[in-house]
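Reviewing the structure listed below.
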Amino acid sequence: MIKTHLVIVPCHSVWKIDQGLEPDNYGQSFKQWHLAPFQHEGRDHLSFIMHSLMAIDALLEDTTGSLLLFSGSCTKEEAGPVSEAQSYFLHARKLLNAVANGFELPAALSSHRDISKYCSRITKKMNNQNLTVDELFAKHIATEEFALDSLENLLYSIVNFQAATSNCPSKVTIAGFGFKKKRFQDYHTIAIDYPASQLNYLSYEPQPIYTDVEQLEAYNRDLDIQESRNALDLYKVDWYGSKDPLLSKKLKRNPFKSKANYTLPFSIKNPINDDQAFFRNTIQHKMPWSAGAQI
């Protein structure tokens, strides 16, 4: 069966990969991830795990017709040349192998309602399809290891899917933070001319431990404010992140000076002065995945 469905997990950190020295490391503690300070309050590391599980669950709805890509470059100097994507891949495989083999998970994961529920659902689906975890990851899950921002998460994943399957995805599912949904649906799909109607977004937000309702509401409001200030307002006037501050932010996420080795359908070598003109002249109807492609 031809694969037509691309599932993407945009990665946000690097898991401190267990190399046999810490067998109980399932990513349950913030200490087991390379986190930025702002990622602690919302227990973001647990949401990262949920993004992986939600994506794998979606993949298993049509396993033979789908490909899941973890997307993210080597962004943490302290982690060494380990990509976000590779660490997510290895983490999810270790976690699901533990579940499949009946190992007891750390309490932070086994008592987490959503993580526990998705682990059970995934195991049941794999059993119904006579799939082992290792087979699932070998045949239907891979990595994209050069993306440095959300636009590249989408673009590079589509290009990788095309290279792996020899066709463009007719459907894209993204599993990520809900507050980032708008940038993908309303900005990035338009910028690369991917039909927004063919994109599905699975949301899972940060989960701060607050008993005070007003404090939780304030936290969520601040997420939306920061998303608007640091992403939406910027992509609105810089579709391709070719100028500062988006360009500088991307460069800071590339401590090892990694460079994508993909064959892209368009290139950006200099700051774009007029994004709409660039889109009309270079992108619109000209991408292999464009709805009105004329190539």
* Does region 192-211 hold any residues that are surrounded by fewer than 19 Cβ atoms within 10 Å (Cβ to Cβ) and more than 14 Å from the chain's Cα centre (by Cα), and which are they? -> Pro195, Ala196, Ser197, Gln198, Gln207, Pro208, Ile209, Tyr210, Thr211
* **Filter pass, Lys94 being touching a residue at least 12 places away in the same chain (Cβ under 8 Å) and assigned to a loop (DSSP other than H, G, I, E, B)** => no
* Would you pick out the residues in region 131-177 that are closer than 19 Å to Met1 by Cβ and among the β-branched types (Val, Ile, Thr)? -> Ile141, Thr165, Val172, Thr173
* Working only within region 135-167, note down all residues that are among the hydroxyl-bearing types (Ser, Thr, Tyr), assigned to a helix (DSSP H, G or I) and surrounded by fewer than 20 Cβ atoms within 10 Å (Cβ to Cβ). => Thr165
* Six or more apart or on different chains, Cβ under 6 Å: which pairs go from a residue in region 44-56 that's of a type in the set (S, T, N, Q) to one that's crowded, with 24+ Cβ neighbours inside 10 Å and in a helix (DSSP H, G or I)? Could you list them? => Ser52/Tyr88; Ser52/Ala92
* To do: Would you mention how many residues in region 243-280 are under 19 Å from Asp193 (Cα atoms), aliphatic (A, V, I, L, M) and assigned to a loop (DSSP other than H, G, I, E, B)?
  => 3
* **Positions within region 259-288 being farther than 20 Å from Asp186 by Cα and in contact with a Phe, Trp or Tyr (Cβ under 6 Å, 6 or more places away or on another chain), in sequence order** => Ala260, Ile268
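Readers should treat all values here as calculations from the given coordinates under stated rules, not as data from a laboratory. Because the structure is a prediction, the values reported are computed rather than measured. Methodologically, a virtual Cβ is constructed for each residue, glycine included, from the backbone with ideal geometry; neighbour enumeration extends over all protein chains shown.
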